[in-house]
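What follows is one structure encoded as structure tokens, with my remarks underneath.
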Ligand SMILES: Cc1cc2nc3c(=O)[nH]c(=O)nc-3n(C[C@H](O)[C@H](O)[C@H](O)COP(=O)(O)OP(=O)(O)OC[C@H]3O[C@@H](n4cnc5c(N)ncnc54)[C@H](O)[C@@H]3O)c2cc1C
């Protein structure tokens, strides 16, 4: 039940195990999976930490999307270099500490000295690295959708993959989901031709010619999934600080992510009603963590294999 990224990944993994899958979805146009940029980055957040299990999870993600690309003759995965602009002096210190401790190995990292490079100001410097990818999540979901919904009345297991909406189900309201609203802009930036992702916390992602996506906001208080003037201005202000050019907004979208404080997916069978299972909690890292979690859940449902305790929902069950 629910066919966004989580549902699509699980369907793919189950079908590989010869399990028959049917789906039921609300077919909304503005869900997290529909508006997501699908970015995978090996270094995340203001503190510039290496992504949790980044290398292992990226390999699994790459392999999964690659299987789908081969089967359907489509391109879903695009690789990028990324340039990060430090917003404050302390980031330069954190970066050099992590670099000196070898935390970024074996990534290729290029230090960017304070100054202007390719028309972009780096007041406190920055750095460049590879290992970044984007996944075309909407196309992936569309490819995975079962052609016929032959009904689920005789299903052995029903898996709730309804994103943040799992919270409104009596079965799953105990899960530690904290929906986070994200807004994203489609823009034209005349005269700018970037061949890399540029970020100062807000990123600018090239989509062809002088067209870009700018994202994303993170708001845990506003639970109304509508785009806001505040979100738009926040993104435009940060992007203008990066490129100092006119930015023409051509689209503005928003959705609620199924986030969790501990930043891990939530998967498993219901502790009491074992014919029910759940797959949610993909948060800001669905493109990366989703394939790994889906593979485990599929094998858990089909063969009873244990789940990684970091993502197994049993740890949150209290009664
Ligand atoms: C602005 C923005 C940018 C993002 N950028 C990135 C990024 O760069 N990289 C990244 O990895 N992640 C990104 N994400 C997060 C990513 O979108 C999520 O991790 C992922 O898509 C969540 O997928 P999901 O299937 O769990 O949830 P959803 O996408 O919410 O899908 C749930 C589905 O269930 C359906 N549904 C809900 N209730 C019911 C019901 N009762 N019955 C039937 N169907 C139901 C919904 O209609 C929907 O189709 C971004 C999110 C946003 C909002």
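A compact table of results
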{"item": "Net lengthening on full extension, residue 89/residue 15 (0.36 nm per residue, minus Cα-Cα)", "result": "21.6 nm"}
{"item": "Exposure proxy order (Cβ contacts within 10 Å, fewest to most) of 75, 211", "result": "75, 211"}
{"item": "The chain shape via C-alpha gyration tensor axes, a/c threshold 1.5", "result": "prolate"}
{"item": "The chain: angle of helix 286-303 to the longest principal axis, Cα-based, in degrees nearest 10", "result": "20 degrees"}
{"item": "Evaluated over segment 156-240, the Cα radius of gyration and Dmax, each in Å", "result": "17.1, 56"}
{"item": "Computed [θ] at 222 nm, helices only, for the chain once each DSSP H run of length n ≥ 4 contributes -39500 (n - 2.57)", "result": "-8500 deg cm²/dmol"}
{"item": "Global form of segment 184-319, assessed from the alpha-carbon gyration tensor, a/c cut-off 1.5", "result": "prolate"}
{"item": "Cα centroid separation - segment 241-258 against segment 201-224, whole Å", "result": "5 Å"}
{"item": "Residue order, fewest to most beta carbons within 10 Å, for 213, 62", "result": "62, 213"}
{"item": "Helix 89-100 vs. the chain, principal-axis angle (Cα, 0 to 90°, nearest 10)", "result": "70 degrees"}
{"item": "In degrees, nearest ten, helix 229-243 long axis to first principal axis of the chain (Cα)", "result": "50 degrees"}
{"item": "Taking 136, 210 and counting other C-beta atoms within 10 Å, the order from fewest to most", "result": "210, 136"}
{"item": "Rounded to 5, percent antiparallel among DSSP beta bridges of the chain", "result": "85 percent"}
{"item": "Alpha-carbon centroid distance for the pair segment 267-283 / segment 158-196, whole angstrom", "result": "19 Å"}
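Values quoted throughout were computed directly from the atomic coordinates according to the rules given, and no laboratory measurement underlies them. Only a predicted model underlies this, so the values are computations on that prediction, with no experimental measurement involved. Cβ: placed from backbone, ideal geometry, glycine included. Neighbour counts: every protein chain shown.
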